[in-house]
């Protein structure tokens, strides 16, 4: 990324501030015709005004130079020195980032080529993908001379992995090729098929699958298909649903790692008979002029009968995989919520579950406590950040996944669980017995910890507050309003709301939070769907915080309700957006109870539309535009993003009951088996979050100037970027 592009990140930054400062002068002197060309024959005051225009036009470097000339002339103009001081600090950050980006990109390219030369393709592909994200131009990256041979060899290696049945490694190869070349259908198809094999292996080599699929019956599927045909937001391709469902079962039968958990597949003759019957069903569906839901149901009945006569898979497995494959023809958000999955589904929408109140994560193949939650059984029992979990109710955790650990720790309120743990200080293992209770996950957080509480002001002198919202649950609105009321009493003058890495949640909550900043009668969001009446939500009451200047931070992991809140407030001129383009989850899902069963169908029934936008924010497979784009783009490279994530996560750590907080290491600039390079050294100098720093500078100048935001309709026009993989986070239990 060039220096000019970095400086352009603050293009809106000084506009209103400098104009307001200009308005504090009673009269404007006449311009002199004898001044240097740098100020175009005008005096310093007019040059100061001209610098505002340059910033408004995006000529940030020119404006910065003009400000420096004004300072050199030593004219006493209001606010210039303060703005210049802020700009100097930001310019230093921009220079550091410029050097980091250049060195990071070159380092990744060098590593990609070096690993490829040694046929270390896993590392080579990781470095190639990181180089792609670090490149100042994605299209120029695709034209790099070294890349053509690299891609050809990588593809050949992926084909070799696929033939050997090494599905997870093959998926990574094709996924990263599809990342760089999103229009290549071959890469996407191979990625999808290999990912299906890998997913099946992971699912059924875990003994817990029986609990997850308990209670499934064909009647649930029949009801679901009928509702899809009637209520899906666009006409569903029932033929593709059927053929994809059959294909998923064929993939299952050909996944050799499943021969052990399903012995019937280990009989070659019966397996071939089963696959032949699957292919026949697929042919019947694909040759039909049109496919009805009755045909989908009949195909399932035929498949279940064929299964009973051949490989004898558990029927719930056949039903689940047929449905899972069929849903691939819909969208990534429509799914079945089987009876045993409803508790997890409710947790994500209510923010509540029954457990002991700890965030856990995997580290070096160990399951560790990231942080206890305040007021929970874990906090009361003295569980500390950094504790390692050795066993759950006497059963060792070695080799189990994070999800398996979560299921073992959570349970019905009032029941007990015993964790065997060890502490980083080297003391021996000890048991902690806790009684599970209802846990409410906090979703509203401040800038940094102040003991067990939060510091909310990011700039105490300017009274600029920072509030981070991690998801939209039933408890978020009240917590958000409470924080803002507390901040108003403390003198809040400006507010930065951080919606980065917020996956969304309840629409109702997003609307309620928008209403805090909007007068009554303002459009917030509307929907359109094939079988549903278009409807529109407007703000119902005057916004109690509408007078507070607002910046919202977004990135490519801000989704759903996050996009609605950010996009609606932006469209109504109430908020300036800073960061990166959002995820593009702009669809409405309704949970449909299936008959008298405990299963639910989570179905996409409509798409969301923001005010004044002629397209949905939703992203489909081949979308060129999606989501909400920022007014001021601040793109983070991979190493920057890891560093920022570490800084952010460290602020979440709650001291244990003893008050102990373990020392937290800086974000690693390299992978564990890599040597540090020049970019690694530079990233350690990144002590701040560049996106937050940009927002802070914008807000400071806004408050100084008392001018409204210079908001652009960037959300409707900014160019799209490729999709990043979803990052893993700590699980709360």
- Item | Single condition residue 82 does not satisfy, out of (1) farther than 30 Å from residue 62 by Cβ; (2) assigned to a helix (DSSP H, G or I); (3) in contact (Cβ under 8 Å) with a residue 12 or more places away in the chain | (1)
- Starting from residues that are within 28 Å of the chain's Cα centre (by Cα) and in a strand (DSSP E or B), keep the ones in the range 377-429 and report whichever is nearest to residue 205 (Cα to Cα). 389
- Note on the structure: Result of the Cβ filter at 8 Å on the range 681-697, keeping first residues that are farther than 21 Å from residue 457 by Cα and partners that are assigned to a loop (DSSP other than H, G, I, E, B) and at pLDDT below 90, at least 6 apart or interchain, is 681/669; 683/667; 683/669; 684/666; 684/669
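Taking the options 94, 129, 112, name whichever one is modelled with pLDDT of 95 or more, under 30 Å from residue 688 (Cβ atoms) and in contact with a helix residue (DSSP H, G or I) (Cβ under 6 Å, 6 or more places away or on another chain).
Criteria check complete, one pass: 112.
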- Item | Given (1) in contact with a helix residue (DSSP H, G or I) (Cβ under 9 Å, 6 or more places away or on another chain); (2) surrounded by fewer than 15 Cβ atoms within 10 Å (Cβ to Cβ), number of the condition residue 366 does not satisfy | (1)
- Message: Being more than 23 Å from the chain's Cα centre (by Cα), within 20 Å of residue 131 (Cα to Cα) and crowded, with 19+ Cβ neighbours inside 10 Å is the filter here; which residues of the range 175-191 pass it?
- Response: 187
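To keep it simple, each residue is scored yes or no on (1) in the same structural domain as residue 256 (by TED's automatic domain parsing); (2) at pLDDT 95 or above.
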| residue | (1), (2) |
| --- | --- |
| 289 | yes, no |
| 301 | yes, yes |
| 304 | yes, yes |
| 307 | yes, yes |
| 314 | yes, yes |
| 335 | no, no |
| 343 | no, no |
- Item | In the range 139-152, the residues that are surrounded by fewer than 15 Cβ atoms within 10 Å (Cβ to Cβ) and in a helix (DSSP H, G or I) | 139, 140, 142, 148, 149, 152
- Within the bounds of the range 447-456, is there any residue that is touching a strand residue (DSSP E or B) at 6+ places or on another chain (Cβ under 6 Å), in contact (Cβ under 8 Å) with a residue 12 or more places away in the chain, more than 18 Å from residue 381 (Cα to Cα) and crowded, with 21+ Cβ neighbours inside 10 Å? yes
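Can you name the residue in the range 561-612 that is in a loop (DSSP other than H, G, I, E, B) and in contact with a strand residue (DSSP E or B) (Cβ under 7 Å, 6 or more places away or on another chain) and, of all such residues, is farthest from residue 500 (Cα to Cα)? Walk me through how you get there before you give the answer.
First, the residues of the range 561-612 that are in a loop (DSSP other than H, G, I, E, B): 572-574, 580-586, 594-599, 610-612.
From the residues that got through so far, the ones that are in contact with a strand residue (DSSP E or B) (Cβ under 7 Å, 6 or more places away or on another chain) too are 574, 580, 582, 586, 594, 599, 610-611.
Values: 574: 18, 580: 9, 582: 9, 586: 16, 594: 35, 599: 32, 610: 19, 611: 22 Å.
Only one residue tops the list, namely 594.
Can you pull out every residue in the range 500-522 that is under 25 Å from residue 708 (Cβ atoms) and part of a helix (DSSP H, G or I)? Can you show your working first?
Of the residues in the range 500-522, the ones under 25 Å from residue 708 (Cβ atoms) are 500, 510-522.
510, 511, 512, 513, 514, 515, listed by residue number.
Got at least one residue in the range 353-364 being assigned to a loop (DSSP other than H, G, I, E, B), in contact with a strand residue (DSSP E or B) (Cβ under 8 Å, 6 or more places away or on another chain) and not assigned by TED's automatic domain parsing to the domain that holds residue 232?
yes
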- Item | Scope the range 523-543; condition assigned to a loop (DSSP other than H, G, I, E, B), in contact with a helix residue (DSSP H, G or I) (Cβ under 8 Å, 6 or more places away or on another chain) and closer than 30 Å to residue 458 by Cα; matching residues | 539, 541, 543
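Can you pull out every residue in the range 254-275 that is loosely packed, with under 14 Cβ neighbours inside 10 Å and within 41 Å of the chain's Cα centre (by Cα)?
If we filter the range 254-275 for residues that are loosely packed, with under 14 Cβ neighbours inside 10 Å, which is where we start, we get 256, 260, 263, 266, 268-269, 272.
Correct list: 256, 260, 263, 266.
Condition first: in contact with a helix residue (DSSP H, G or I) (Cβ under 7 Å, 6 or more places away or on another chain) and assigned to a helix (DSSP H, G or I). Now tell me which residues in the range 62-79 satisfy that. Give the derivation first.
Step one: filter the range 62-79 for residues in contact with a helix residue (DSSP H, G or I) (Cβ under 7 Å, 6 or more places away or on another chain), giving 62-64, 66-67, 69-71, 73, 75, 77-79.
62, 63, 64, 66, 67, 69, 70, 71 - these are the residues of the range 62-79 that are in contact with a helix residue (DSSP H, G or I) (Cβ under 7 Å, 6 or more places away or on another chain) and assigned to a helix (DSSP H, G or I).
Okay, residues lined up against (1) free of Cβ contacts under 8 Å to residues at least 60 places away in the same chain; (2) surrounded by 19 or more Cβ atoms within 10 Å (Cβ to Cβ):
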residue: 432; (1), (2): yes, no
residue: 439; (1), (2): no, yes
residue: 487; (1), (2): yes, yes
residue: 500; (1), (2): no, yes
- Of the numbered conditions (1) farther than 27 Å from residue 591 by Cβ; (2) out of contact with any helix residue (DSSP H, G or I) (no Cβ under 6 Å at 6 or more places or on another chain), residue 231 satisfies every one except a single condition; which is it? (1)
- Identify all residues within the range 682-697 that are at pLDDT below 85 and crowded, with 19+ Cβ neighbours inside 10 Å; write none if there are none. 682, 683, 686
- Message: Based on this model, can you work out whether residue 474 counts as farther than 22 Å from residue 645 by Cβ, touching a helix residue (DSSP H, G or I) at 6+ places or on another chain (Cβ under 8 Å) and surrounded by fewer than 20 Cβ atoms within 10 Å (Cβ to Cβ)?
- Response: yes
- What number goes with the only condition from (1) modelled with pLDDT of 80 or more; (2) in a loop (DSSP other than H, G, I, E, B) that residue 641 does not pass? (2)
- Message: Here is a list: 321, 374. Which entry is part of a helix (DSSP H, G or I) and either out of contact with any strand residue (DSSP E or B) (no Cβ under 6 Å at 6 or more places or on another chain) or surrounded by fewer than 18 Cβ atoms within 10 Å (Cβ to Cβ) (or both)?
- Response: 321
- Filter the range 372-399 down to residues that are without any contact (Cβ under 8 Å) to a residue 24 or more places away in the chain and in contact with a helix residue (DSSP H, G or I) (Cβ under 8 Å, 6 or more places away or on another chain), then give me how many there are. 1
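The values are calculated or read from the model by the stated rules, or taken from the named source; none is laboratory data. All figures in this text were calculated on a predicted structure; none of them were measured in a lab. With ideal geometry, Cβ positions are generated from the backbone for all residues, glycine too; neighbour counts draw on all protein chains shown.
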